[in-house]
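Single-structure report; data block below.
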Amino acid sequence: MTTTMKTLLTGGLVVSPQDVQAADVRLDGETILEVGQLTPHEGETVLDCTGMLVMPGGIESHCHLDLECGPELTTADDFATGTRSALAGGTTTVIDFATQFHGQSLAQGLARWHEKAAGKAVTDYAFHLAMTQWQPSFATELADMVAEGVTSFKLYLAYRHSMMVEDDEVFAALTASAALGTTIGFHCENGRIIDALTQREVAAGHTGAYYHQMAHPPELERESLVRLGAIADLVGADHYIVHLSAAATAAEVRAARARGSRLVAETCPQYLVLDNTAYGQPRAPLPGEEDGEELAARIAVMSPPLRAAADQEALWAALADGTLSFVGTDHCSFTLEQKAAAADFAAVPNGAPGLELRLALLHSFGVVPGRISRSRFVEVASTNAARYFGLHPRKGELAPGSDADVVVFDPQARWTVSHDLLHDAAGHTPYAGLQLTGRVRDVFRGGHHMVRGAELVADPPPGRFVRCELPSPVDVTKHPLASDEGGDVGFVPERLGLTARTPTL
Ligand code: URP
Ligand code: ZN
């Protein structure tokens, strides 16, 4: 059973992008009623949050649930399992990639994703619309999507022969998007050169998962971001890079933002926490479940691949200084059986699970060692995605009138990751064995108390589709320049192009 009655969360530290303050939060049904020094009302439920961080529910900017990746290959997680996992980890809204497959209209792609999510998702959910090609008719279809509450799109510069688009398609799409004020996220890797490198490795007998990284070097991420940036700057279009993985690409983002490009960047926990030692040693094994080393390496087959350990520190610095604006997981889960079935690295399904661990990983490896402040943690895990994708202030904020999506986070809890503690359907996690500090204790979504004492309730009620709005101009004077703990800075409008979409990130 869950409840949407009045609830008072007392004694916690309320964390926002602006500050950290000892305060109480009162929920009234589906919304937040007040935040401050509050006394309990007769009859209301009181939850003691002493020693806890109280923060807005996490916003997942990047996940793939129930995604068909081939004729007989669909992700392990659908909206039921994926969003249970998200919720248990403190994410109350997921923005999934509804996908337009070749020959479909955008409306057909969106309608299919509504069918996949409705009644199954237990978080609230919104959609980006991923386009696997560009058609002239899409220029008007983009406007139809805005009317349907979809204001962000995606194009792939990788995955040649399935989803990759060419530069002229990028130009046409950005032109149409800029006219509407929508944004497009880009998978930045050069798909043509990935193909050439893959063929070279396989021809040399290099078929093991180790060689996936050889076919996806960081130069190809940097190259495609720079190419994309030139086109987007020409058009003056909002654009963002999904799952940025490498130090060199982060440096390009920093430079582009400094010169006023309308560019925002997302990274993922796997690039902040894991590294390419996960691919093991060079080998050309026989595929198969019996080969444990190869299977372990296949778990880490994702695109872009895991990078060198040295890249991690650069990404943390970029997250702290505002070069990177939010953290999504790119949760795209496959079972070990699905990973094992491929004949060589090039055929291994790309992707890994991660939805449930996003907040705990950011806290453990970001806040605890002092790489980011608590305010920045909240900003990159929740508020900035809400701002950028037009969900704010309904989401990403603990303020009167905002949705009662609240996470009570225990910053002292120590635990070790193992898949039995998680709720996704992958059956494995690339983070197994990591020791974490910080864990989600309670989660309210729309006022429903859905995680209690780190346990997901048995019958979580379904989530709602939430519309993304186009951003409206922001009064930058309302936002303080520095975040709570003086270290990193969460908001520096002068450093950014003062566009309607980017000034608060
Ligand atoms: O390996 C990945 N990332 N798979 C999911 C699809 C994508 O590239 O985002
Ligand atoms: Zn993805």
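The values are calculated or read from the model by the stated rules, or taken from the named source; none is laboratory data. Since the model is a prediction, treat every value here as computed from it, not as a measurement. Neighbour counts are summed over all protein chains in view; Cβ atoms, including those assigned to glycine, are modelled from backbone coordinates with ideal geometry. Ligands, DNA and RNA are excluded from the accessible area calculation, which covers all protein heavy atoms including side chains. Shrake-Rupley method; radii C 1.70, N 1.55, O 1.52, S 1.80 Å.
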Scanning segment 386-423 for residues that are touching a His at 6+ places or on another chain (Cβ under 9 Å) and buried (at least 24 other Cβ atoms within 10 Å of the Cβ) gives A386, F389, A404, F409
Looking at this structure, is T50 under 26 Å from L505 (Cβ atoms) and away from ligand 1 (no atom under 16 Å from the Cβ)? no
Scope segment 44-95; condition away from ligand 2 (no atom under 16 Å from the Cβ), open to solvent by 10 Å² or more (accessible area, probe 1.4 Å), in contact (Cβ under 8 Å) with a residue 60 or more places away in the chain and aliphatic (A, V, I, L, M); matching residues: L47, M52, A88
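Go through T140, T151, T183, T175 for me and flag whichever is without any contact (Cβ under 8 Å) to a residue 40 or more places away in the chain and either among the hydroxyl-bearing types (S, T, Y) or in contact with a Lys or Arg (Cβ under 6 Å, 6 or more places away or on another chain) (or both).
Numbers: T151 fails: without any contact (Cβ under 8 Å) to a residue 40 or more places away in the chain; T183 fails: without any contact (Cβ under 8 Å) to a residue 40 or more places away in the chain; T175 fails: without any contact (Cβ under 8 Å) to a residue 40 or more places away in the chain.
Within the list T140, T151, T183, T175, the selection yields T140.
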Of (1) among the hydrophobic types (A, V, I, L, M, F, W, C); (2) open to solvent by less than 10 Å² (accessible area, probe 1.4 Å); (3) part of a helix (DSSP H, G or I); (4) in contact with a helix residue (DSSP H, G or I) (Cβ under 6 Å, 6 or more places away or on another chain), I372 satisfies all except one. Which? (3)
Of the criteria (1) open to solvent by 10 Å² or more (accessible area, probe 1.4 Å); (2) touching a residue at least 12 places away in the same chain (Cβ under 8 Å); (3) in a helix (DSSP H, G or I), which one A196 fails: (2)
Conditions (1) among the acidic types (D, E); (2) modelled with pLDDT under 95; (3) under 19 Å from the mean Cα position of the chain (by Cα); number of the one not met by D488: (3)
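So if I check each of A347, A343, which one is at pLDDT below 95 and surrounded by fewer than 17 Cβ atoms within 10 Å (Cβ to Cβ)?
A343
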Going through segment 146-169 one residue at a time, which ones are within 21 Å of E223 (Cα to Cα), of a type in the set (A, V, I, L, M) and assigned to a loop (DSSP other than H, G, I, E, B)? L157, A158, M163, V165
What pairs can you find where one residue is in segment 228-250 and in contact (Cβ under 8 Å) with a residue 40 or more places away in the chain, the other is among the basic types (K, R) and within 16 Å of ligand 1 (Cβ to nearest atom), and their Cβ atoms are less than 9 Å apart, with a gap of 6+ or different chains? V242/K154; S245/R307; A246/R307; A247/R307
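Does segment 21-43 contain at least one residue that is open to solvent by 10 Å² or more (accessible area, probe 1.4 Å), part of a strand (DSSP E or B) and at pLDDT below 95?
If we filter segment 21-43 for residues that are open to solvent by 10 Å² or more (accessible area, probe 1.4 Å), which is where we start, we get 21-22, 24, 28-31, 33-43.
Adding the requirement that they be part of a strand (DSSP E or B) leaves 21-22, 24, 28, 31, 33-36.
Cutting the leftovers down to at pLDDT below 95 gives us none.
The answer is no; no qualifying residue exists.
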Considering residues that are within 30 Å of R200 (Cβ to Cβ), among the hydrophobic types (A, V, I, L, M, F, W, C) and within 16 Å of ligand 2 (Cβ to nearest atom), the number found within segment 343-361 is 2
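Here is a list: S303, S364. Which entry is open to solvent by less than 20 Å² (accessible area, probe 1.4 Å) and not in a helix (DSSP H, G or I)? Please lay out each step first, then the result.
On the way: S364 fails: not in a helix (DSSP H, G or I).
One residue alone meets the criteria, S303.
Any residue at all in segment 94-103 that is more than 23 Å from the chain's Cα centre (by Cα) and modelled with pLDDT of 95 or more?
Applying the first criterion (more than 23 Å from the chain's Cα centre (by Cα)) to segment 94-103 yields 102-103.
Narrowing further to those that are modelled with pLDDT of 95 or more: 102-103.
Yes, some residue in segment 94-103 is more than 23 Å from the chain's Cα centre (by Cα) and modelled with pLDDT of 95 or more.
Out of the residues in segment 314-327 that are open to solvent by 20 Å² or more (accessible area, probe 1.4 Å) and not charged (D, E, K, R), state the one that is nearest to ligand 1 (Cβ to nearest atom). First the steps, then the outcome.
Taking segment 314-327 and keeping what is open to solvent by 20 Å² or more (accessible area, probe 1.4 Å), we get 314, 317, 321.
Narrowing further to those that are not charged (D, E, K, R): 314, 317.
Working: A314: 20, A317: 23 Å.
By that ranking, first place goes to A314.
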Checking D330 against (1) away from ligand 1 (no atom under 16 Å from the Cβ); (2) open to solvent by less than 30 Å² (accessible area, probe 1.4 Å); (3) at positive phi, only one condition comes out false. Which one? (1)
Any chance G103 is assigned to a loop (DSSP other than H, G, I, E, B), free of Cβ contacts under 8 Å to residues at least 12 places away in the same chain and away from ligand 1 (no atom under 15 Å from the Cβ): yes
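Per-residue answers, yes or no, for (1) within 19 Å of T329 (Cβ to Cβ); (2) within 15 Å of ligand 1 (Cβ to nearest atom); (3) out of contact with any strand residue (DSSP E or B) (no Cβ under 6 Å at 6 or more places or on another chain):
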residue: L197; (1), (2), (3): no, no, yes
residue: Y210; (1), (2), (3): no, no, yes
residue: H216; (1), (2), (3): yes, yes, yes
residue: I241; (1), (2), (3): yes, yes, no
residue: L244; (1), (2), (3): yes, yes, no
residue: R254; (1), (2), (3): no, no, yes
residue: Y271; (1), (2), (3): yes, yes, yes
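Here is a list: A130, A143, A173, A178. Which entry is outside any helix (DSSP H, G or I) and open to solvent by less than 50 Å² (accessible area, probe 1.4 Å)?
Numbers: A143 fails: outside any helix (DSSP H, G or I); A173 fails: outside any helix (DSSP H, G or I); A178 fails: outside any helix (DSSP H, G or I).
Exactly one of A130, A143, A173, A178 is outside any helix (DSSP H, G or I) and open to solvent by less than 50 Å² (accessible area, probe 1.4 Å), namely A130.
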Would you confirm whether or not segment 436-448 contains a residue that is in a loop (DSSP other than H, G, I, E, B), at pLDDT 95 or above and not basic (K, R)? yes
